[in-house]
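Here the structure is laid out as structure tokens; the discussion comes afterwards.
The values are calculated or read from the model by the stated rules, or taken from the named source; none is laboratory data. In this text the structure is predicted, and so the values were computed from the model without any measurement. Neighbour counts are summed over all protein chains in view; Cβ atoms, including those assigned to glycine, are modelled from backbone coordinates with ideal geometry. Heads up: the accessible areas ignore ligands, DNA and RNA and are worked out on the full protein's heavy atoms, side chains in. Shrake-Rupley method; radii C 1.70, N 1.55, O 1.52, S 1.80 Å.
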Amino acid sequence: MARKAEVRYINFYNAGSSAYKLDTMPTPKKNQAQPLPKQRKPRKILLRVDPIAVAGVFLAFVMLIMMVVGLFQLGSAKRQAAQMQSYVLQLQAENKKLDAQYRAGFDPEEIRQIATQMGMIPIEQAQHIQITVPVTEPVQEPTVWETVYTFLVGLFA
């Protein structure tokens, strides 16, 4: 390897008119025991937790639980609706059967004879009287704009 030439620059820097501070401390001798620096206590590692983040996680957890409970309630409501629908269909079928049984249980001609014996007449033979009742027209409430207009007229009158 080729040796490079040493280049030294001369520094003619002058600090100006500022005076140098002299070090008046004696230099320690090498054979004297140097005092060891004080041993520092290890710093405790603090893990700071943001309370808003904890509250957000807690809220998300509560909402998850509420959603699961809501899904179970929805399934239960759907099962109950299906039961009610089948019950309604059963009641409709029973209603049709009972209606047919009821209509078969009486004779319209027999009922007419009993009604005429009691003195009842058909509706076509009944006297109709019409009564007219005069209806008073309700007082109209003023609109919002009319109320504002009245207020302003009274204010500047």
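Using the heavy atoms of the protein chains and a 1.4 angstrom probe, tell me the accessible area per residue for the range 92-133 in square angstrom.
106
Need one number: the % of Cα-Cα pairs in the range 39-157 sitting beyond the 21 Å mark.
So the portion of pairs separated by more than 21 Å is 81 percent.
Can you list which of the chymotrypsin sites (Phe, Trp or Tyr not before Pro) found in the range 50-157 are DSSP loop residues with at most 10 other C-beta atoms within 10 Å?
Filter output for the range 50-157: PHE106.
If I stretch the segment between ASN95 and VAL62 completely, what's the gain in nm (0.36 nm per residue apart, minus their alpha carbon distance), one decimal?
Result: 7.1 nm gained on full extension.
Cross-link partners among aspartates and glutamates for LYS44, C-alpha distance below 18 Å, same-chain residues fewer than 8 apart left out?
Correct list for LYS44: empty, as no aspartates and glutamates qualify.
Express the carbon and sulfur contribution to the solvent-accessible surface of the range 87-157 as a percent, rounded to the nearest whole number, probe 1.4 angstrom.
The nonpolar share, carbon plus sulfur, comes to 61 percent.
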